[in-house]
Amino acid sequence: MSLAAPKNLEIYDPQEYAKSGKTRSGCIQQIMKAHGGLMSWEGVKNVLEIGCGIGDVTEPCFLPLLPRDFERYVCSDGSIRVLDAAKTRFRGLEHIEFLQLDIENPIDKNLVSKFDRILSTFCLMYVKNQRQSYENIFNALIPGGDCWIVVLTTAVAFETLFRLAETSKWKNKLRNIHDVLVFAYRNVPEPEKMLENLLKSIGFIDISVKLIDFQPTYKTDEDFRANVESFPNFFELSVKDLSELLDDQVDVGKDLNVIKDFHVPGKPVFQPLFQSLVIYAKKP
């Protein structure tokens, strides 16, 4: 579950990114419990995970579900730094492979029709070329193979950045925000229908796209700060600017009334706090 959009992918610090690992894996475990029922793991042999990051979702959420006789699980990401961290995490495990992959570019011929399942969590919302990405997934699946994908449509921690990007203080320094934080379905009235139509046009069948809300709890301003602090330095800001940005994000969080210790009775709480699309689809 890596954040795969900025082209300078080496901004991702594996140690910093690991701080939010329990939150991400806990979220995916809950989503799988509620919305993973369309997947059967019986007979699954070859799996590709897109945006594996450091493997902190892979390990607790996916590997335990693999049949004992699976053949290979390919962890892919655009960042060599996080792939190296994943290699360290899974050192000694058999049948685990690693691949640097930019899902926005046409895939190599040696990946075509190789996988009976493709997984991706919290990655594809950073990808600008949505059609190419899902065409790649379709092409990499064997006939009858399926995919299970989770993408954010929005989350309050990111909304703080979008709002600050409209201020005079941050407008210039965050000017490329929509290139970095693509979030293709953020302002779409019915994002599930838009994505379902895209998948149909590519050739997928048995499509299920569900829009779900997840409700994280931010009791204190420090809880909220810890959440936004786990993000990479998306805009490659100076240490001073990054510190100020974090302070301002926390202030916006208070203004959005999402931090319990600063809750203002009668004032609307920003919604949705954390909204995702959960996608399942098959290749004929």
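The values are calculated or read from the model by the stated rules, or taken from the named source; none is laboratory data. All figures in this text were calculated on a predicted structure; none of them were measured in a lab. Please note: Cβ atoms are built from the backbone with ideal geometry, for glycine as well, and neighbour counts cover all protein chains shown. These area figures cover heavy atoms from the full protein model, side chains too; ligands, DNA and RNA do not enter into them. Shrake-Rupley method; radii C 1.70, N 1.55, O 1.52, S 1.80 Å.
Restricting segment 103-130 to residues that are more than 24 Å from I28 (Cα to Cα) and in a helix (DSSP H, G or I), the residue that is most open to solvent (accessible area, probe 1.4 Å) is K109.
Residues of segment 25-62 that are more than 18 Å from Y126 (Cβ to Cβ) and among the acidic types (D, E): E42, E59. Note on segment 30-60: among residues that are part of a loop (DSSP other than H, G, I, E, B) and touching a helix residue (DSSP H, G or I) at 6+ places or on another chain (Cβ under 6 Å), the one that is surrounded by the most Cβ atoms within 10 Å (Cβ to Cβ) is C52. Residues in segment 144-154: is at least one open to solvent by 60 Å² or more (accessible area, probe 1.4 Å) and outside any helix (DSSP H, G or I)? Looking through segment 144-154, none of the residues is open to solvent by 60 Å² or more (accessible area, probe 1.4 Å) and outside any helix (DSSP H, G or I). Taking residues in segment 208-232 that are farther than 30 Å from E196 by Cα and open to solvent by less than 30 Å² (accessible area, probe 1.4 Å), and partners anywhere that are modelled with pLDDT of 85 or more and part of a strand (DSSP E or B), the pairs with Cβ atoms closer than 7 Å and at least 6 places apart or on different chains are Y218/I259; F224/Y218; F224/I259. Just so you know, in segment 63-101 the residues that are touching a residue at least 60 places away in the same chain (Cβ under 8 Å) and open to solvent by 30 Å² or more (accessible area, probe 1.4 Å) include one that is farthest from C123 (Cα to Cα), and it is D84. Looking only at residues in segment 169-207 that are surrounded by fewer than 15 Cβ atoms within 10 Å (Cβ to Cβ) and among the basic types (K, R), the one that is nearest to M39 (Cα to Cα) is K200.
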